[in-house]
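Following: one structure in structure tokens, then a few remarks.
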Amino acid sequence: AYAWVTWAPVEDFSVVAGGRFNYESKDMSLQTTRISPLTGLPAPFGVIDVNETVEDTGISGDISFNYKPTDEHLVFFKYSRGYKGPHINGLILDAAQTSEEGRPLTTPVLPEEVDALELGIKTSWFDNTLSINGAVFYYDYKNIQIFQLRNTGGNSVPVQQLVNANDADIF
């Protein structure tokens, strides 16, 4: 669900705000039959089932304060909050694969959140023949979701695993 509102209490100032509510539910069922490296046949007791479920809700949105001293100039400040729901690493072809630390590669990751600040200007000059716009940004990520190349046990090739990094800041 998404909604927004615009409020202009005076002619040269406005506030624009919007928000979104997310609900996510994801299920993954994976079954693998292990093959014996000696015979090339299915190994006894070699069926492995993996069932993962994640469910979460999150809110994202933004609010912007706009000041327009003239028809050709705008100064704005914007705060926004982003949300990316939890995920399950669906790239895994072998449910029995684990990372070097022994963690199953299908382990779900936490939701990612970002708080963003933006300060900027938009200008128009010489009867709209020249526009000069600029902005500075700051992003503060929590539980950022990244792919990490992981070695797996045995003779398997490395695979990409979706993991949470602690956080990240971008200026």
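The values are calculated or read from the model by the stated rules, or taken from the named source; none is laboratory data. Source: prediction; values computed, not measured. Backbone-built Cβ (ideal geometry, glycine too); neighbour counts: all protein chains shown. SASA here: full protein model, heavy atoms, side chains in, ligands and nucleic acids out. Shrake-Rupley method; radii C 1.70, N 1.55, O 1.52, S 1.80 Å.
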Checklist outcome for this item: Checked segment 17-47 for anything modelled with pLDDT under 90, open to solvent by less than 50 Å² (accessible area, probe 1.4 Å) and in a strand (DSSP E or B); matches are Glu24, Met28, Leu30, Thr32, Ala43, Gly46
Checklist entry - Yes or no: Pro69 in a strand (DSSP E or B) and at pLDDT below 90? => result no
Checklist entry - For Asp12, all conditions in the list (1) among the charged types (D, E, K, R); (2) modelled with pLDDT of 90 or more; (3) open to solvent by 90 Å² or more (accessible area, probe 1.4 Å) hold save one; what is the number of the exception? => result (3)
Checklist outcome for this item: Of the residues in segment 111-139, those that are acidic (Asp, Glu), surrounded by 14 or more Cβ atoms within 10 Å (Cβ to Cβ) and within 30 Å of Glu55 (Cβ to Cβ) come to Glu112, Glu113
Next on the checklist: Give all pairs with beta carbons closer than 6 Å in which a residue from segment 127-150 that is farther than 15 Å from Glu72 by Cβ meets a residue that is part of a loop (DSSP other than H, G, I, E, B) and not aliphatic (A, V, I, L, M); count only pairs at least 6 apart in sequence or on separate chains.
Outcome noted: Tyr138/Phe171; Leu149/Pro158
Checklist outcome for this item: Inside segment 140-155, the number of residues satisfying the requirement of being farther than 30 Å from Tyr83 by Cα and open to solvent by 70 Å² or more (accessible area, probe 1.4 Å) is 2
Checklist entry - Any chance segment 156-167 includes a residue that's outside any strand (DSSP E or B), exposed (fewer than 11 other Cβ atoms within 10 Å of the Cβ) and of a type in the set (A, V, I, L, M)? => result yes
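Results for (1) within 17 Å of Lys26 (Cβ to Cβ); (2) at pLDDT 95 or above; (3) touching a Ser or Thr at 6+ places or on another chain (Cβ under 8 Å), shown as yes or no for each residue.
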position: Gly85; (1), (2), (3): yes, no, no
position: Ile92; (1), (2), (3): yes, no, yes
position: Gln97; (1), (2), (3): no, no, yes
position: Thr106; (1), (2), (3): yes, no, no
position: Ala116; (1), (2), (3): no, yes, yes
position: Gly134; (1), (2), (3): no, yes, no
position: Arg150; (1), (2), (3): no, no, yes
position: Gln160; (1), (2), (3): no, no, no
